[in-house]
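Encoded as structure tokens, the structure appears first; notes follow it.
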Amino acid sequence: MDLRIRGKKAVVAAATKGLGFATAESLLAEGAQVAICGRSEERVAEAVAKLGGDVVGITADISTAEGATAFIDKAIASMGQVDILVTNAGGPPPGLPSATDIEAFQFAVDLNLMSTIAMCAAALPGMKERKWGRIVAITSHAVREPAAFIAASSTARAGASAYLKVLSSEVAPLGITVNAIQPGAHITDRLTDLDIDLDELAQSTPVKFLGDAANFGQMAAFMCSDISSFMTGTSILVDGGAYGGM
């Protein structure tokens, strides 16, 4: 299927590995030019080399609103514009609500909420001018079903989802869609860092296997496409059926 985004300019935050990397890879395969970012210059260079194609690597720390804005500004300076924005960030350290201090919650809010708002604010003026844009936020299944052991992440990403929802209604008449994609358990460094039994986790998932990052990237690319123009203000679960609600 042709997603009709060849020649579009896309940015994918925190894309040196994991789900961000897979999303960048899928967008490149569809003919988009892609700018990625990471905090380490070395990791950014490695990711650019692996991705190949028309990639712009930017060293940026998006754990602050200032850093997130700088990433978008540098991407615009390099590519001329941003048509597609995929917001993404690493997860804060795990912890139960009562065991997570105020500073850790604040870090999570800056990383997973304020960075999303800042990237959207920086990319939106050009999208509004051109009357076309795609914003897709990589959040978490824990937005829909908050997980106690990642309390800070669940809290901050829920805030980001609320922002995206209200933004979607505002910009929809301008040809800009705003959606979120909520990953469940995918085999990434983030998952392995949580020190849990992956086999047990897979068996607890209805499909009986863990998610593949490449497949997730293809789902995200579809949400960034021209043919997804009637889909906005929604959050799509990609979790192997793990969420038990309707």
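The values are calculated or read from the model by the stated rules, or taken from the named source; none is laboratory data. Bear in mind the structure is a predicted one, so any value in this text is a computation, not a measurement. Here the Cβ positions follow ideal geometry from the backbone for every residue, glycine too, while neighbour counts run over all protein chains shown.
Filtering region 6-20 for residues that are in contact with a Lys or Arg (Cβ under 7 Å, 6 or more places away or on another chain), of a type in the set (A, V, I, L, M) and under 20 Å from residue 124 (Cβ atoms) leaves an empty set. Condition test on residue 53, is it modelled with pLDDT of 95 or more, farther than 25 Å from residue 159 by Cβ and small (Gly, Ala, Ser)? No: the conditions fail for residue 53. Within region 171-214, restricting attention to residues that are in contact (Cβ under 8 Å) with a residue 60 or more places away in the chain and of a type outside the set (A, V, I, L, M), the residue that is nearest to residue 131 (Cα to Cα) is 183. Among the candidates 35, 65, the residue that is closer than 14 Å to residue 82 by Cβ, over 13 Å from the mean Cα position of the chain (by Cα), at pLDDT 95 or above and of a type in the set (A, V, I, L, M) is uniquely 35. If the condition is being on the phi > 0 side of the Ramachandran plot and either crowded, with 16+ Cβ neighbours inside 10 Å or in contact with a Lys or Arg (Cβ under 6 Å, 6 or more places away or on another chain) (or both), then region 53-80 contributes no residue at all.
Going by the conditions given, is residue 152 more than 25 Å from residue 84 (Cβ to Cβ), aliphatic (A, V, I, L, M), surrounded by fewer than 17 Cβ atoms within 10 Å (Cβ to Cβ) and in contact with a Pro (Cβ under 7 Å, 6 or more places away or on another chain)? No; evaluated as a whole, the condition is false for this residue. Scanning region 165-206 for residues that are within 22 Å of the chain's Cα centre (by Cα), closer than 24 Å to residue 17 by Cα and charged (D, E, K, R) returns 189, 190, 193.
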